[in-house]
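Trainee: Please see the structure below; I have some questions.
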Amino acid sequence: MLKKIGVSILCITLILAFVGCSSPAPTSTTEKPEATEAVTSTETTDSAQQEPVVISLGMHVADTQAQEPATWAIIKAFEAANPNIKVNIIGAETDEHVKNMKLLSQTGELPDIFWMLPAPAKEMQEAGYLLDLTEFLDSNPVVSDYLPQSMKDAANADGFQYGLPYQPLVTGFWYNKALFQEYGVAEPVPGTTFDELMSMVAVFKSHNVATIAQGAKSPFSVWAWLTAYCRYGYYDRIDNILAGSDKFNNTDFAAFYGKIAELSKAGAFPTNIATIDYFQAKDMFLQGQSAMFDSGHWDAQAISEALGENAGFWWGPTFTDGVGDQKVLMKVSAAPFVVSAKVADDPAKTDAVYKFLAFYYGEEAAKITVENSGIPVINFLPDVDTSSNPAYTALLQALALNDWKSPYAQPDLIVSEAVQNAMYDSLYGVMVGTYTPEQALGVIDTAIAND
Amino acid sequence: MRCLSSTRNKLIMLLPTLAVYIVYIIVPIFVAIFYSLTKYSGIGKPKFVGFKNYERLFSDPNFSVALKNTIILFVVAFVLLLFCSFLLALLLDSKLKGSTIAKSMIFSPAIIAPIIVGIIWWFIFDPQIGFLNSLLTRVGNESWRTMWIGDGTLAPYSIAFIYFWQQLGFITTIFFAGLQMIPNELFEAAAIDGANRFKKVIHITIPMLKETIQIVVILIITGCFKVFEIVLQLTNGGPNHLSEVLVTYTYLTTFKAGQYGYGMSMAVVTFLIAIMLSIGYILIPKGRKTAEGDM
């Protein structure tokens, strides 16, 4: 009898310990949520206005304060202006963040607001995980007017506004004026051709200086080359390519990739391009070991600190055989901020989220963005002295070209993740020398066929 | 404690661990098999496509490269680890001066996080700024400078060497523990019969370590098929997938390209290869023993 009691007590203790370690199962969201009812910021109760509300914000960087200082500053300013609202930031490196958001969408635990890549954001909208922000825009006409229509359209599907632009994406080549002066090379200007770039490469190579710092271990770091795609008629062909009636492996794109292969053979890229990543390529540029760096507006502050007045910005070479418009710059909507559909279930939370978005797309946030070397997402450029940030000033000067136009989206952001990865793979494949131009383009065609 | 020795009570005591094992190890295998038969981006509902993902594996050149690299990694690491760790364990067992400190130093790479191991060896193997090529230049062997990583030729061997370096101490420790279990009388008796050191190793040590060798082989097999962080940090599977191994290519396909179904088909294939190797290694000697017994 005693032994039975002893065994039973032992078993019960083990089972209780096991159960005690578990947490309540999250609410399943296997069914599509009901269509969200119109909720405006005026429908909150008095008690909701007084009780602190916490909204969660999922960011695509592990350390928002260090890596996205403008967004961090905006969040802090918002919290200071709204003491009853706290923003809880959940950050992870981009790939990890996207994976986490997909997992959380399955368990119904998405953050209230989160950054998301365009392709999976659209899939989330189709699966019913996102809130329609049309009502937010209708109830905040000032915000709606400030936002460029093209940026709103980038996250709109048949009238469902599933996201709003996180920030503009401004990308190209930063360059070090000091190195150009040291080796007697003319600085690149809007309209500098590919042949002129090759001449620069020859000079820099003879002095063992990498012309363009690139890191193939970060496959996504090919921004300037994605802009160059536009100069070969990308947007005239991509719809047919995705529909199956055209291919990436065509004479125009092959000519484009042939140019990259020429640069690679001429030694334009670092000799260890295959083994360094984006951050190491950035260090190479900041330390004066390369003349140019493929990057974007987010590096303006770091480049100002390292190079000072020697920082310049360039949209990349034009091509005499390019069939597209050569006067292309890149200022497009980056990946959007999206809002979880579950926010609509809580009026206080909806109010807090709407207040955050209204603040984020307002003039004060635009001023904070410029002060932190960012480009405001809204059509409003505050009067901020940028003379202490020479790189940022150079970027703004480059953006001021009236006859240069931006496409509506960066080429990789309108295709699926698989095709996007294939595009990065193909570009670096040619730079590293793994693929011929035709092989590289074939990689993308294969990805489209398998998509 | 006779109350705990009955079969029923043993089963009851095993139940919690068994439940955890089933939920976190066994069930995910079946979940992966399910998703491998679907087209799924991680969002919404999966779409059943049958064996299309498996058919695609045969025509995917990157998968072939990943499989080839994993086999290279396995063969090189297996040979190096098995023999070097055994010899090292014999050396440590001979109670030379400083063997205690040597044991700690040999084991230390095993406690370094794999991602840090990748970073350390990047600084050694990078063809441009790495220590190895710089050293070769300094000692006048500039012709020996090569792409230790950065292309598909030597990268798999470099990864195998790093894995060997990281695991050597751990496997040596297992062999060393096995050596301590061998009764000394056997060696004394062999010495009386005139056996030299080599004969003692062949006729006493190795047969007595049969079970330990079996465990070590299984550990090496499963470990080689799980190499991930080293590749991720050293080369990220590049350039252009030339240094991918099965796990890294599965990760890339599943989480970066958003092709969960296709990625799971790779995971299932990886699992099957590892399990066939492990079970084959265990069953073949048993089959041989049975055949010898029948004779």
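Trainee: Can you tell me which condition residue A:74 does not meet? The list is (1) hydrophobic (A, V, I, L, M, F, W, C); (2) crowded, with 19+ Cβ neighbours inside 10 Å; (3) at pLDDT below 95, and all the others hold.
Mentor: (3)
Trainee: It is to be established whether one or more residues within region B:138-156 are over 16 Å from the mean Cα position of the chain (by Cα), surrounded by fewer than 18 Cβ atoms within 10 Å (Cβ to Cβ), at positive phi and not basic (Lys, Arg).
Mentor: Yes, there is a match, as at least one residue in region B:138-156 is over 16 Å from the mean Cα position of the chain (by Cα), surrounded by fewer than 18 Cβ atoms within 10 Å (Cβ to Cβ), at positive phi and not basic (Lys, Arg).
Trainee: Looking at region A:348-451, what helices (runs of 4 or more DSSP H) fall wholly within it and have at least 3 residues that are within 14 Å of chain B (Cβ to nearest Cβ)?
Mentor: Correct list: A:417-432, A:437-450.
Trainee: Looking only at region B:61-92, how many residues end up being over 21 Å from residue B:106 (Cβ atoms) and surrounded by 16 or more Cβ atoms within 10 Å (Cβ to Cβ)?
Mentor: Residues meeting the conditions: 10.
Trainee: Is it fair to say residue B:214 is under 19 Å from the mean Cα position of the chain (by Cα), more than 14 Å from chain A (Cβ to nearest Cβ) and either crowded, with 21+ Cβ neighbours inside 10 Å or not aliphatic (A, V, I, L, M) (or both)?
Mentor: Answer is yes for this residue.
Trainee: Just to verify a result, which residue in region A:75-132, among those that are more than 13 Å from every other protein chain (Cβ to nearest Cβ) and of a type in the set (Val, Ile, Thr), is nearest to residue B:250 (Cα to Cα)?
Mentor: In this case the residue turns out to be A:90.
Trainee: Please go through region A:81-130 and give me each residue that is surrounded by fewer than 19 Cβ atoms within 10 Å (Cβ to Cβ) and of a type in the set (Asp, Glu), ordered by number.
Mentor: Correct list: A:93, A:95, A:96, A:109, A:126.
Trainee: Could you tell me whether region A:217-232 includes any residue that is in contact with a Lys or Arg (Cβ under 9 Å, 6 or more places away or on another chain), more than 30 Å from residue A:380 (Cβ to Cβ) and modelled with pLDDT under 95?
Mentor: Within region A:217-232, one or more residues are in contact with a Lys or Arg (Cβ under 9 Å, 6 or more places away or on another chain), more than 30 Å from residue A:380 (Cβ to Cβ) and modelled with pLDDT under 95.
Trainee: Being at pLDDT below 95 and surrounded by fewer than 22 Cβ atoms within 10 Å (Cβ to Cβ) narrows it down to one of A:302, A:261, A:266, so name that one.
Mentor: A:302
Trainee: Okay, next question. Return the total of residues in region B:171-207 being more than 27 Å from residue B:217 (Cα to Cα) and surrounded by fewer than 15 Cβ atoms within 10 Å (Cβ to Cβ).
Mentor: Residues that pass the stated criteria total 8.
Trainee: Can you name every residue in region A:349-391 that is more than 23 Å from the chain's Cα centre (by Cα), among the small types (Gly, Ala, Ser) and surrounded by fewer than 20 Cβ atoms within 10 Å (Cβ to Cβ)?
Mentor: Those that are more than 23 Å from the chain's Cα centre (by Cα), among the small types (Gly, Ala, Ser) and surrounded by fewer than 20 Cβ atoms within 10 Å (Cβ to Cβ): A:387, A:388.
Trainee: Right, here's the next one. Taking the conditions exactly as written (at pLDDT below 95 and over 27 Å from the mean Cα position of the chain (by Cα)), does residue B:117 satisfy them or not?
Mentor: Here the answer is no, as residue B:117 does not meet what is asked.
For every residue, the table says whether it meets (1) free of Cβ contacts under 8 Å to residues at least 24 places away in the same chain; (2) under 14 Å from residue A:431 (Cβ atoms); (3) of a type in the set (Phe, Trp, Tyr); (4) buried (at least 17 other Cβ atoms within 10 Å of the Cβ).
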position	(1), (2), (3), (4)
A:221	no, yes, no, yes
A:230	no, no, no, yes
A:242	no, no, no, no
A:246	yes, no, no, no
A:249	no, no, no, yes
A:255	no, no, no, no
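Trainee: Please indicate, with yes or no, whether at least one residue in region B:19-30 is within 14 Å of chain A (Cβ to nearest Cβ), closer than 20 Å to residue A:99 by Cβ, out of contact with any Leu (no Cβ under 8 Å at 6 or more places or on another chain) and surrounded by 11 or more Cβ atoms within 10 Å (Cβ to Cβ).
Mentor: yes
Trainee: Identify the residue in region B:1-32 that is farther than 30 Å from residue B:260 by Cβ and in contact with a helix residue (DSSP H, G or I) (Cβ under 6 Å, 6 or more places away or on another chain) and, among all such residues, is modelled with the highest pLDDT.
Mentor: Of everything passing the filter in region B:1-32, B:16 is modelled with the highest pLDDT.
Trainee: Which of the residues that make up region A:410-437 are among the β-branched types (Val, Ile, Thr) and within 21 Å of residue A:275 (Cβ to Cβ)?
Mentor: Selection gives A:430, A:432, A:434.
Trainee: Considering only residues that are in contact with a Ser or Thr (Cβ under 9 Å, 6 or more places away or on another chain) and of a type in the set (Ser, Thr, Tyr), which ones fall in region A:69-128?
Mentor: A:71, A:105, A:107
Trainee: Need the failing condition index for residue B:256 against (1) at pLDDT below 95; (2) under 19 Å from residue B:71 (Cα atoms); (3) surrounded by 12 or more Cβ atoms within 10 Å (Cβ to Cβ), just the number.
Mentor: (2)
Trainee: Next up: Residue check: is residue B:189 hydrophobic (A, V, I, L, M, F, W, C) and at pLDDT below 90?
Mentor: It is false that residue B:189 is hydrophobic (A, V, I, L, M, F, W, C) and at pLDDT below 90.
Trainee: For region A:190-216, give me each residue that is within 14 Å of chain B (Cβ to nearest Cβ) and in contact with a helix residue (DSSP H, G or I) (Cβ under 8 Å, 6 or more places away or on another chain).
Mentor: A:209, A:210, A:213, A:214, A:215, A:216
Trainee: Any residue in region B:254-273 that is closer than 17 Å to residue B:241 by Cα and within 9 Å of another protein chain (Cβ to nearest Cβ) sitting within a Cβ distance under 6 Å of a residue that is part of a helix (DSSP H, G or I) and among the basic types (Lys, Arg)? List the pairs, counting only those 6 or more apart or interchain.
Mentor: If the second residue must be part of a helix (DSSP H, G or I) and among the basic types (Lys, Arg), the pairs left are B:255/A:99.
The values are calculated or read from the model by the stated rules, or taken from the named source; none is laboratory data. Since the structure is predicted, the reported quantities are computational estimates derived from the model, not experimental observations. Note that we place each Cβ from the backbone using ideal geometry, even for glycine, and neighbour counts take in every protein chain shown.
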